[in-house]
Amino acid sequence: MAHTHAISVGRSSRNVALRRARLLNRVSLGWNAVEAFVAVGAGVIAGSVSLVAFGFDSVIEVSASVILAWRLRQERRGVCMSDSDQRATKAIALSFFALAAYVVIDGSGDLVGRHHPDASAVGLGLALLSLLVMPWLANAKRRLAPALGSTAIVADANQTSLCAILSGVVVIGVGANTLLGWWFMDPLAAIAVGVIAAREGLNTWRAESLEDTCCA
């Protein structure tokens, strides 16, 4: 009886974690969809490669949220999630590499070509707001990963943490250009975004699997 009760409690805790993970995933999906639209729009208007890169990172975060939603839906099958989790994690890692390749190439081109972006108060405000929201969201996601034994949730949380870091980088780059007229800070910020994304992609690709709690 005690063993049966322990299994019941374990399943109950997993179901609670699963519901929370799905809720956070929806919040992340909605936030990043809006963030992508605003950042890319502001970046195109201002000619800011760092803002466009920030927006593209949000697009990738949307794709990561969709991938994670697929991973969470696999729970309905009632079997071990190890294979599904690893496929989801690898897909998220590839999204990091795609972002890195784009922004490093584009940022380098703007730096060499001495492209001067316009000031963007909207972009600066968005980056500041993201800097406040993303750390909380990343920590909330990361706390759920052990309960579900999900490396994919860790990867998604890392993607959200990366967004917070990128927000800080964009604040510096766009802020320096907007407030001080230092145009070169914008492409340098974009290149920094690319380097950070590449490193995070490599870490995600190499991530070791957590214990799959549905198999325990």
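Tabulated data
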read-out	value
Counted residues, segment 43-71 - those being over 16 Å from ASP106 (Cβ atoms) and more than 13 Å from the chain's Cα centre (by Cα)	4
Test: residue in segment 181-194 that is acidic (Asp, Glu), buried (at least 22 other Cβ atoms within 10 Å of the Cβ) and in contact with a Leu (Cβ under 7 Å, 6 or more places away or on another chain)	no
Conditions (1) surrounded by fewer than 18 Cβ atoms within 10 Å (Cβ to Cβ); (2) at pLDDT below 85; (3) closer than 30 Å to VAL174 by Cβ; number of the one not met by GLY47	(2)
Top-ranked residue of segment 111-120 - restricted to ones that are among the hydrophobic types (A, V, I, L, M, F, W, C) and surrounded by 13 or more Cβ atoms within 10 Å (Cβ to Cβ), ranked as modelled with the highest pLDDT	LEU111
Close pairs from segment 112-131: first under 30 Å from VAL27 (Cβ atoms), partner of a type outside the set (Phe, Trp, Tyr) and loosely packed, with under 14 Cβ neighbours inside 10 Å, Cβ under 9 Å, at least 6 apart	LEU124/LEU179
Residues of segment 123-150 satisfying the condition of being under 18 Å from ALA190 (Cα atoms), surrounded by fewer than 17 Cβ atoms within 10 Å (Cβ to Cβ) and of a type outside the set (Gly, Ala, Ser)	LEU128
Residue list for segment 148-192, restricted to those being within 12 Å of the chain's Cα centre (by Cα) and of a type in the set (A, V, I, L, M)	ALA152, ILE153, VAL154, ALA155, ALA157, LEU162, ALA164, ILE165, LEU166
Test: residue in segment 30-38 that is surrounded by 23 or more Cβ atoms within 10 Å (Cβ to Cβ), modelled with pLDDT of 85 or more and of a type in the set (Asp, Glu)	yes
Segment 181-200, subset in contact with a helix residue (DSSP H, G or I) (Cβ under 7 Å, 6 or more places away or on another chain) and outside any helix (DSSP H, G or I), residue nearest to GLY47 (Cα to Cα)	TRP183
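The values are calculated or read from the model by the stated rules, or taken from the named source; none is laboratory data. Values in this document were obtained by computation on a predicted structure and should not be read as measured data. As a convention, Cβ positions derive from the backbone with ideal geometry for all residues, glycine included, and neighbour counts pool all protein chains shown.
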